[in-house]
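Here's the structure, in structure tokens; my notes come after.
The values are calculated or read from the model by the stated rules, or taken from the named source; none is laboratory data. Quantities reported herein were computed from a predicted structural model and do not represent experimental measurements. Backbone-built Cβ (ideal geometry, glycine too); neighbour counts: all protein chains shown. The protein model used for the area step is the full one, side chains on, heavy atoms only, and it has no ligands, DNA or RNA in it. Shrake-Rupley method; radii C 1.70, N 1.55, O 1.52, S 1.80 Å.
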Amino acid sequence: MSIHIHPTGSASAALLAELHAKAFPANQAWDMATFSQILALPGHFALILTEGDVPMGFVLGRTAPPEAEILTFAITPEARGKGMGWALLQALMHEAPARGATEVFLEVAESNAAARALYAKAGAQEVGRRQRYYADGAHALVLRMALEP
Ligand SMILES: CC(C)(COP(=O)(O)OP(=O)(O)OC[C@H]1O[C@@H](n2cnc3c(N)ncnc32)[C@H](O)[C@@H]1OP(=O)(O)O)[C@@H](O)C(=O)NCCC(=O)NCCS
């Protein structure tokens with residue numbers, strides 16, 4: 001597997017929306033305008049993962065030092081289970097300190113076993129809980145990961 005991870009910006013908004021639509025249910029889709037607007041905001045960034053030339057996933061984050069936040073994180077269904085999510089999370093955990101963050105927060109659905117296992121493997125600790133956070137009524141866990149400088 002030859003994977004490459006690189007930062008990207010608003011110019012990739014359409015691609016990020018396409019990847020997001022593949023990775024999440026239709027009622028949770030974020031459109032191109034949403035990505036474009038978010039990436040134009042200060043401190044916001046995206047990392048995109050490609051295998052060969054084919055985009056397979058991305059993470060969208062923001063830093064407001066000393067904190068960073070993962071806004072969304074996705075690997076396309078056909079690419080899962082091959083270590084790409086782990087590689088992307090590692091890249092995020094290098095990018096965020098370079099942008100001044102010492103810790104990263106995120107919300108994950110309590111029912112999302114795959115993502116919870118991924119973040120747990122990276123040392124994430126549960127620091128909060130948001131009742132009925134998602135549109136379908138699912139609860140969210142707030143997780144925190146400490147970052148190496
Ligand atoms: C969560 C997600 C990013 C994982 O990506 P992935 O490329 O399949 O993950 P990896 O192959 O790199 O696996 C890394 C670790 O994640 C965990 N994991 C991944 N898939 C899992 C699954 N189906 N069940 C349980 N644990 C899983 C494991 O701990 C795994 O480590 P291991 O291989 O040593 O057991 C992917 O399933 C996804 O995009 N899901 C839909 C979108 C989503 O839920 N995003 C997160 C929102 S907070």
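Residues of the range 92-134 that are in a helix (DSSP H, G or I), open to solvent by 70 Å² or more (accessible area, probe 1.4 Å) and either β-branched (Val, Ile, Thr) or away from the ligand (no atom under 11 Å from the Cβ) (or both): His94, Ala98.
There is no residue in the range 54-63 that is in contact with a strand residue (DSSP E or B) (Cβ under 8 Å, 6 or more places away or on another chain), over 20 Å from His4 (Cα atoms), open to solvent by 30 Å² or more (accessible area, probe 1.4 Å) and not in a strand (DSSP E or B). Does Gly85 count as at positive phi and either surrounded by fewer than 19 Cβ atoms within 10 Å (Cβ to Cβ) or part of a helix (DSSP H, G or I) (or both)? Answer is no for this residue. Scanning the range 64-82 for residues that are within 14 Å of Leu19 (Cα to Cα) and either in contact with a Cys (Cβ under 8 Å, 6 or more places away or on another chain) or surrounded by fewer than 16 Cβ atoms within 10 Å (Cβ to Cβ) (or both) returns Pro77, Glu78, Arg80.
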